[in-house]
Every structure is written in structure tokens, then in C-alpha cells.
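The values are calculated or read from the model by the stated rules, or taken from the named source; none is laboratory data. Predicted model only: the values in this text are computed from it and were never measured. Note: ideal-geometry Cβ built from the backbone for every residue, glycine included; neighbour counts use all protein chains shown.
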Amino acid sequence: MEIADTICAVSTPPGEGGIGILRISGPLAHNTLQKIFQPRRKGSTFAPRTLHLGHIVNPENGDKIDEVFAVVFKAPYTYTREDMAEVYSHGGFSTQQIILSLMMKCGARLAEPGEFTKRAFLNGRIDLVQAESVLDIIQSETDDELKCAMEHLEGKLSTRIKHVQKDIKEALVEVEALIDFSEEDIDVDPEGAFSRLRKANKEIERLVESYYLGKAIRHGMEVLIVGKANVGKSSLLNSLLLRERAIVTPLPGTTRDLIEDVIHIKGIKVRVIDTAGLRTPKDVVEQEGIERVKRKIPEADLILWVLDGARTYSEEDEHIYGEVTGRNTILVINKIDLPQKLERFVLAAKDLEWQEISALNNTGIQGLKDMLYDRLVGRRGRQTKALITNLRHRDALRKTQGALEKAIGCYERSEPLEFTAFELRDALSSIGEITGETCPEEILHTIFERFCVGK
Ligand SMILES: Nc1nc2c(ncn2[C@@H]2O[C@H](COP(=O)(O)OP(=O)(O)OP(=O)(O)O)[C@@H](O)[C@H]2O)c(=O)[nH]1
Ligand SMILES: [Mg+2]
């Protein structure tokens, strides 16, 4: 794809700021800047990668717009691999808009969202995984999210993908050689190639599995607090959040709607949702509230089923057990500061992990957080490097895996080699979508569309 035009944009967020940065990229970048920039030191040469102090001046009437620093970068050693220039102006809305409009009058056009990064990709400086990671870095909310995104930008995921790609390519070369020539005529080692291919398939499996943790880091997990009315669900939410988020009263049926907030446990974003107590509804509002809980139960990553330690186990509790059984559930026994009546032996038979707490006194809350973390991610191991955090990557890997398995199957059953070659080509095309080698234009468009202008 040929990129002929020059683009410009404000790269810092709109609003007041100490400085604001404008960028230009493309063949006319330096020329555009020179038309509107007057260096303080007369006759100074525009040395690249050096800050030059001066003024932005309207070339039509000589009006000074702002005092700025300007810098030029020469292709290909730039973010986009094109000639680039940057202007550091004062960070006011109108200053930046005027400078931007001058840039547009002098040969540049307004960049589309993500267009600088898109050019970096199209010009081969970064692959698609790296381009996407730029957006992830900008949008990171936790340290772990940022760390994952940085690993992707540094190419750790791309390297793993490329190793797999290489193994598939080599197997395809062997198979195609066998199709064209007989084994006696040439030196081929399909067995070796296929044994590497089986390993590559395992590697894909590991990557696909890492999506669970990757998703936890990037999108967060959803934890639903359920239980009978008045057992202390809202008190538990408040205790986890360390603030009075939900209304707590001694009256059963206090909470009617879903109440949601976010906590971070060791870098993982956890959305905790308090719900209406499950009981026979007293009115239509409560009925709707209870139906919402029931609809939410199958979607949650984990359920905290709360029981009141000061009351005996009831039929209502058993009914709720019916709703949560078979799901990822932790049992929470609340109100342990009160004399206990709840029969632990009944619960012991249910094969559920449980934590005893007092939401009132904040006893056992840290233990519950540790247990939550363990359940959500801990057991899957945190040592995995270069996790899959992106659904697009996961889906492409699954497609690759499907094709690879078919290819290996065809080969092992000694079916015509053309079948194997077909599946291998399919696998290559699917895996190429991740790094962008075989990515259709409309997918590229949806990826870069999510960026802000100026990145
Ligand atoms: N002693 C004691 N009381 C508690 C504890 N946790 C909650 N309570 C009390 O139990 C009552 C009900 O608490 P909530 O948090 O509103 O219970 P809930 O499960 O949200 O109730 P609904 O929204 O009606 O379903 C309130 O009076 C709380 O102060 C606890 O750990 N110990
Ligand atoms: Mg409540």
C-alpha cells in the first residue's frame, strides 16, 4: 500500500495543559513545519532530533501564534518510518487548533484515529500485535495490564507466534516437496517436521489457555454476591470496597437492584456485584430484582454464596445452593462475631471451599480476597510470559489449531498429501492474521478505529 500524503494531529488530550504536542508525518512533514516555524536563532539549520526554539507564525500575515519547541525526525528512524515533525506548544485549546489549521493549510491533512500507528504497521516497523498493544498501553488501568501490554509491544508475543509460524512453514515445504518429487529424488524429513509441528500445536494450546488469565488482567473478572435476604451481602460488598457503597439495614429485602463496583486484587480488576436477597418476593420490584440475580448467575466468573452464621441452615439456603451448585462458588459464612447456630457439618458435605467472616468487623476479608484471587487466576499460574489478552488473537489461534490438527490427522492417516498441504496453508493464513501478514483490510480498519486521533 502506497502512502503519499502527509498527516497531522494534536497528540495530547484536549483541554488546558502545560504543553500540547502536535505531530506531522509524511513526505511533506519537514516542509510543512518550515513554512510555519520561525526559529529564534536566524539562519539555523534544521538539524534532526534537536529541539529548536522559535515561533509558530501564520505565513499569510506574519502573525505570531505561539512560542514553541519544534523538532524534526528523518525517515526511516521515526515512529511511522516516514519523515516526521513535532511541535511542543502551550497546551491551550485555541493555540493548538490554530497551529493544526496552519499545518493543514500548508500541505498536511488531519490524521484519522490511530493513523500514525497504522503507518508504523504498514511500513513494517511494528506488527499488528505490537500496534494493538500501543492502544492497550494507553488504556491500561493496572500495573499488570500495563506489563502485559508492554510485553506485547516489545514483541514477546510476536516472537512466540513467529516460532510457530516457522514450524508450520517448514512442514508445508516438506509436504510440497513430497508432492512434487518422490522421497528417493530429494532430501526430505517430513517426520522431523511433523514432530516439530506437534510441539507447535502444544504451544498454541498454551497460548489459547493463557487467554483466561490475560482476560482477567485486561477486562477484569465478575464476582456475584448471592444469598438469602439479610445475611449481610451488602455489608460484604462495602467491606470489600472499604466504603459504604450499598445501603445496609436490619430489614430483609433492603437491596433491590444489582449494585456494582470495582476492586483490585494483586493487579487483577474484579467487578463485585451485590444483589437482592433471594426469597419469595414481596412485590414486583423485588421480583424483578431477584430475576436479575438469577439471569446474572450463569454469567459470573465466580459466585460468593453468603450464609448467616448466626442462623440455622434453612430450606431457602438449600434452594439457593441448587442455583449455585456446579458453578465456581465460594461459600462465605458471615456474622461470626455473633453466637453461631449454622451447622457446619451440613456444609462440609457440600464440597465447597468456605471462608468465615464478619463483614461488620472486617474479620476474614483479606483471607476472602486471597481465596478469590486463587480461584480466579492463582491456580492457572502467573508465570506465563506474553499472555493472550485479545479475543481476536485467541480466535485466530483457535482457527490455526483446528487447521493444524486436521493437517496432522491427514498426515498420520497417510491421506493424499494435498489435503495436508491445504490444511497447513489454512493454518498459516489464520496465524498470519494475528501479526497482520494476512489480515483483511476491514479488520485493520476496526482495529485502528479504536485509537484516539494523534496516536
Ligand atoms: N453482627 C453482625 N451483623 C451483621 C454483619 N454483617 C451484616 N450485619 C447486619 O445484618 C443486617 C443485614 O445486612 P445487609 O448487609 O443489609 O444484608 P443483605 O444480605 O444485603 O440484605 P438484603 O439486601 O436485604 O438481602 C444489617 O443490620 C447488618 O448490620 C456481621 O458480620 N455481623
Ligand atoms: Mg443488601
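Annotations
- Listed by first and then second residue, the pairs linking a residue in the range 325-346 that is at positive phi to a residue that is of a type in the set (Ser, Thr, Tyr) and near ligand 1 (Cβ under 10 Å from one of its atoms), with Cβ atoms under 7 Å apart and 6 or more places separating them unless they lie on different chains, are LYS335/SER358.
- Some residue of the range 322-341 being modelled with pLDDT under 95, more than 27 Å from ILE265 (Cα to Cα) and either within 16 Å of ligand 2 (Cβ to nearest atom) or surrounded by fewer than 18 Cβ atoms within 10 Å (Cβ to Cβ) (or both): yes
- Taken over the range 342-357, the criterion of being more than 16 Å from ligand 2 (Cβ to nearest atom) and either out of contact with any Phe, Trp or Tyr (no Cβ under 8 Å at 6 or more places or on another chain) or assigned to a helix (DSSP H, G or I) (or both) is satisfied by ARG344, PHE345, VAL346, LEU347, ALA348, ALA349, ASP351, GLU353, TRP354, GLN355, GLU356.
- Residue satisfying condition, being in contact with a helix residue (DSSP H, G or I) (Cβ under 8 Å, 6 or more places away or on another chain), away from ligand 1 (no atom under 16 Å from the Cβ) and free of Cβ contacts under 8 Å to residues at least 12 places away in the same chain, within set ILE186, ILE168: ILE186
- Check on PHE73, crowded, with 17+ Cβ neighbours inside 10 Å, under 30 Å from GLY124 (Cα atoms) and either modelled with pLDDT under 95 or among the aromatic types (Phe, Trp, Tyr) (or both): yes
- Test for ILE36: is it in contact with a strand residue (DSSP E or B) (Cβ under 8 Å, 6 or more places away or on another chain) and surrounded by 20 or more Cβ atoms within 10 Å (Cβ to Cβ): yes
A quick yes/no check of all residues on (1) touching a helix residue (DSSP H, G or I) at 6+ places or on another chain (Cβ under 6 Å); (2) more than 15 Å from ligand 2 (Cβ to nearest atom); (3) closer than 29 Å to GLU132 by Cβ:
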position	(1), (2), (3)
ALA200	yes, yes, yes
LEU237	no, no, no
LEU241	no, no, no
ALA246	yes, no, no
THR254	no, no, no
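- Here GLU288 fits the description: within 16 Å of ligand 2 (Cβ to nearest atom) and either more than 14 Å from LEU224 (Cα to Cα) or hydroxyl-bearing (Ser, Thr, Tyr) (or both).
- Flag if GLN287 is within 16 Å of ligand 1 (Cβ to nearest atom), in contact with a Pro (Cβ under 6 Å, 6 or more places away or on another chain) and either at negative phi or touching a residue at least 60 places away in the same chain (Cβ under 8 Å) (or both): yes
- Scanning the range 210-268 for residues that are assigned to a loop (DSSP other than H, G, I, E, B), over 22 Å from GLN287 (Cα atoms) and touching a residue at least 60 places away in the same chain (Cβ under 8 Å) yields LYS266, GLY267.
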